[in-house]
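A short worksheet on the structure shown next.
The values are calculated or read from the model by the stated rules, or taken from the named source; none is laboratory data. Note that the coordinates shown come from a computational prediction; the quantities given were computed from them, not determined experimentally. Every residue, glycine as well, gets a Cβ built from its backbone with ideal geometry; the counts of neighbours run over all protein chains shown.
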Amino acid sequence: MSKNISLENLLNKNFNEIKYKDLVSLTNLSDDESSNFFEYISKFSLLEILEIINKLVQINQQELYLEYESIFKKFLSYPNEKIKISCIEGLIESEDRKLIKIFVETMLEGKSIKLRSKAAKALMGFSVMAFEKKLIISDSKLIFDSLYRIISNISEPNSLRMNALESISIFNHDSIDEYILSAWDSDDFYLKKSSVVCMGLSGDTKWTNYVVKGLSHEDSKIRYEASNSLGIIGTENELFHLEKLLEDEDLDVQLSTIISIQTIGGDKALKLIEKSLLSTEPSVVEQSKLSIQIIKEEQNLDLVVTPEMAKNLYGSSDIQPGIDLEGYDPLEINFDEINTSFSQSNDFGTGITEEAEELGLDRGDPFDIDLLPEDLFDYDEE
């Protein structure tokens, strides 16, 4: 049975008649087919529509070979906040550059904090693309400027600013450091946790000492994030800090630590993970076996693929296979031209710290940036 016939059959069903296989058949719909589905589903109640969209998001996350992007895009215009939030969640892995402006506008102009925060989070994937120079400069600048506008505005709720801070941390620009430090020094648990996430997302080893401190935090959620971040920015020199978390009282911390040690890799990492094979927790043993296998495969690959072979495969160009450069400007975005000077306080209410001074942060040099109208931020928080 073809997909079109499956869709046609679905369009004749009532809500209670829709089965899992019907939703699976909606994968990779064309624009016209998505429009037909939109018209069909719009006759249901809001709760029924939301249930269908949420189920599609769930299926999309569990079955990676299924794709409902055209449906989620279609329902971004639906006049219901919860449906929009679910659709953004469904599009969070999308690389369609047309979504950048939609997410930015939603983050700045959305009618609820939940919706704006979800849009800020969704921009993280595009921040990665910008950092990897897979976007044109105007898109990269729009993302950075808009996210910076949020994190620097103390009148915005912390929940929104945290998501924006995590998304902008990918750029690893010096102007962001003081916000990360301010969140780190905050007494607010969620700000503290978010700062540890940002340190890892920046990919910069200058945050290593802070992340190591997070490994011994009393709250397991912060230890979990610290372990993840150290796996990103840490080296073999930090493996002994992670070793103690292999026996953490929290199972999730143990599992994340194994993965972080695996990410750092090497013979020392291999020996540490082998100790976890003696764990009484089946999930720990299973993850340890998988991580050991991955490390060994990477070691074997290092032995097989020599630098000379890599040069023959990829040539001397910096361009790697699999990167679509169509429409991209080879010029790099010049962050020194971005203004990070705002009239409002630029921290999370804790002020500049000694740590910021140690990192050589300079708060006095304004840059040039085109600010959006201030009335864009006159919203009621829900």
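The table that follows gives values for the structure above.
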quantity: Tally, over the stretch 118-171, of residues that are hydrophobic (A, V, I, L, M, F, W, C), over 16 Å from the mean Cα position of the chain (by Cα), closer than 19 Å to Glu95 by Cα and in a helix (DSSP H, G or I); calculated: 2
quantity: Residue pairs meeting the criteria (Cβ under 7 Å; at least 6 apart or on separate chains; first crowded, with 19+ Cβ neighbours inside 10 Å, in the stretch 70-81; second of a type in the set (Asp, Glu)); calculated: Ser70/Asp31
quantity: Subset tally (residues that are within 19 Å of the chain's Cα centre (by Cα) and either of a type outside the set (A, V, I, L, M, F, W, C) or farther than 18 Å from Asp96 by Cα (or both)) for the stretch 47-66; calculated: 4
quantity: Check on Gly90, in contact (Cβ under 8 Å) with a residue 60 or more places away in the chain and not basic (Lys, Arg); calculated: no
quantity: The listed residue being within 23 Å of the chain's Cα centre (by Cα), under 25 Å from Ser283 (Cα atoms) and acidic (Asp, Glu), out of Asp252, Asp204, Asp248; calculated: Asp252
quantity: Conditions (1) part of a helix (DSSP H, G or I); (2) surrounded by 19 or more Cβ atoms within 10 Å (Cβ to Cβ); number of the one not met by Glu39; calculated: (2)
quantity: Filter result for Asp188 (surrounded by fewer than 24 Cβ atoms within 10 Å (Cβ to Cβ) and either modelled with pLDDT of 95 or more or of a type in the set (Lys, Arg) (or both)); calculated: no
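Conditions (1) in contact with a Lys or Arg (Cβ under 7 Å, 6 or more places away or on another chain); (2) of a type in the set (Asp, Glu); (3) crowded, with 21+ Cβ neighbours inside 10 Å, marked per residue:
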residue: Glu218; (1), (2), (3): no, yes, no
residue: Phe240; (1), (2), (3): no, no, no
residue: Gln254; (1), (2), (3): no, no, yes
residue: Gly265; (1), (2), (3): no, no, no
residue: Thr280; (1), (2), (3): no, no, no
